[in-house]
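Written below as structure tokens is the structure these notes are about.
The values are calculated or read from the model by the stated rules, or taken from the named source; none is laboratory data. The shown structure was predicted, so the numbers you read here are calculated from the model rather than taken from an experiment. Note that we place each Cβ from the backbone using ideal geometry, even for glycine, and neighbour counts take in every protein chain shown. All accessible areas refer to the heavy atoms of the entire protein, side chains included, with ligands and DNA or RNA removed. Shrake-Rupley method; radii C 1.70, N 1.55, O 1.52, S 1.80 Å.
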Amino acid sequence: MADTPAYPVGLRLKGRRVVVIGGGQVAQRRLPALIAAGADVLLVSPSATPSVDAMAETGEIRWERRRYEAGDLAGAWYALIATRDRAANDAASAEAERERVWCVRADDAEAATAWTPATGRVEGVTVAVLTGNDPRRSASVRDAVVEGLRDGTLAARGHRHHTPGVSLVGGGPGDPDLITVRGRRLLAEADVVIADRLGPRDLLDELGPHVEVIDAAKIPYGRFMAQEAINNALIEHAKAGKAVVRLKGGDPYVFGRGMEELQALAEAGIACTVVPGISSSISVPGAAGIPVTHRGVAHEFTVVSGHVGPDDPRSLVDWASLAKLTGTLVVLMGVDKIGLIAEALVRHGRPADTAVAVIQEGTTASQRRVDATLATVGETVRAQEVRPPAVIVIGDVVNVHRPAAE
């Protein structure tokens, strides 16, 4: 039997009787998939793990608290035998053979009439791998295939279901490895990618030659505002039946104008998927060794935009209130205004010796960190020729991980 390959098949168990004998760790691992398949699951076992017990308590399975008895498999379509009692397992297996019930045995694969593959699921695709009596290899192959489908490195584009529309994808802070697996998969399925300057540029090199890549900074604006021109490009390509990815740096909704684009698409009747991204406000300080919160140091952190100065009438930031907070302040898009921001914070009561760290091009190979205080940061940024993109962290957390000698 070991030399004969198993015949792979997908069982449709919705509403059909499945009997699980034994409520230990094997059942705990296998039951969720049976429940997800809609099976009518009966558990026969005098005891069960807390997790299996919870499944019974919530009504996901039925549980008869007793040992296996002859006749338990009557009317079953599928059985899982997973007890430590070899005699009970043999008896249940023999009943399954007589009743022609496909039966998996956790203790003896050769005595079973079915094997459980290593299984993974990705966006409606079920991956099932069988390698005979080598479950570790099955799991390894399964993991490789699932990961490839998730991150887009394994994609059968010619056979995929083509869904026109737009995906607003947060690309993360810059390191291409920090995009979400869903974002990477959508990139692999795209026909058109409209990318921001601050998006993870290295990912664009992985796209197929058929993918049209549009630099959002170079869209001809004509009489339109820049954002309006981008909105129009998204709508135009989506209406042409293309799968469009709008690749943004960080998260689409953290100073990324993602909602403006979503609203424009909604008004045009175009479906839109939003894929959150890792925000630079947290990840870039972390990459530079700075926690935005730390026990006994900062119990809150505030993220603000510094693209307009504190005295600019367009500013919506209450700098006077921010100066009174004792936690961490993270400023995005504030390199050229940091001198004015620091002056405003000091003027409203924040100590001039408050620590400041400026992290340029965080998470990338060009990352560098410049340290200062509120009193010196304006001049330091100019002297060190710090340029965007950079994340500015203000507060005691800046010195949490710095050696005392520094």
Check: Mind checking which residues of segment 283-321 are of a type outside the set (Ser, Thr, Tyr), in contact with a helix residue (DSSP H, G or I) (Cβ under 7 Å, 6 or more places away or on another chain) and in a helix (DSSP H, G or I)?
Finding: Trp319
Note to self: Suppose we filter segment 2-30 for residues that are under 24 Å from Asp134 (Cβ atoms) and either in contact with a helix residue (DSSP H, G or I) (Cβ under 6 Å, 6 or more places away or on another chain) or open to solvent by 10 Å² or more (accessible area, probe 1.4 Å) (or both); how many remain?
What the structure shows: 17
Check: In this structure, does Pro46 turn out to be under 22 Å from Ala94 (Cβ atoms) and either of a type in the set (A, V, I, L, M) or open to solvent by 40 Å² or more (accessible area, probe 1.4 Å) (or both)?
Finding: yes
Next item on the list: Give Val254, Val245 a once-over and let me know the one that is closer than 30 Å to Val317 by Cα, in contact (Cβ under 8 Å) with a residue 24 or more places away in the chain and either open to solvent by 20 Å² or more (accessible area, probe 1.4 Å) or among the β-branched types (Val, Ile, Thr) (or both).
Entry: Val254
Notebook entry, point to check: Does at least one position in segment 357-370 carry a residue that is more than 30 Å from Leu234 (Cα to Cα) and of a type in the set (Asp, Glu)?
Noted result: no
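Taking into account only those residues within segment 269-300 that are among the polar types (S, T, N, Q) and within 22 Å of Gly171 (Cα to Cα), which is most open to solvent (accessible area, probe 1.4 Å)?
Thr273
Do the conditions hold for Val303, that is, is it modelled with pLDDT of 95 or more and open to solvent by 20 Å² or more (accessible area, probe 1.4 Å)? Don't jump to the end; show me each part of the working.
Working: modelled with pLDDT of 95 or more: yes; open to solvent by 20 Å² or more (accessible area, probe 1.4 Å): yes.
It is true that Val303 is modelled with pLDDT of 95 or more and open to solvent by 20 Å² or more (accessible area, probe 1.4 Å).
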Notebook entry, point to check: So, in segment 73-122, of the ones that are open to solvent by 50 Å² or more (accessible area, probe 1.4 Å) and acidic (Asp, Glu), which residue ends up farthest from Ala144 (Cα to Cα)?
Noted result: Glu99
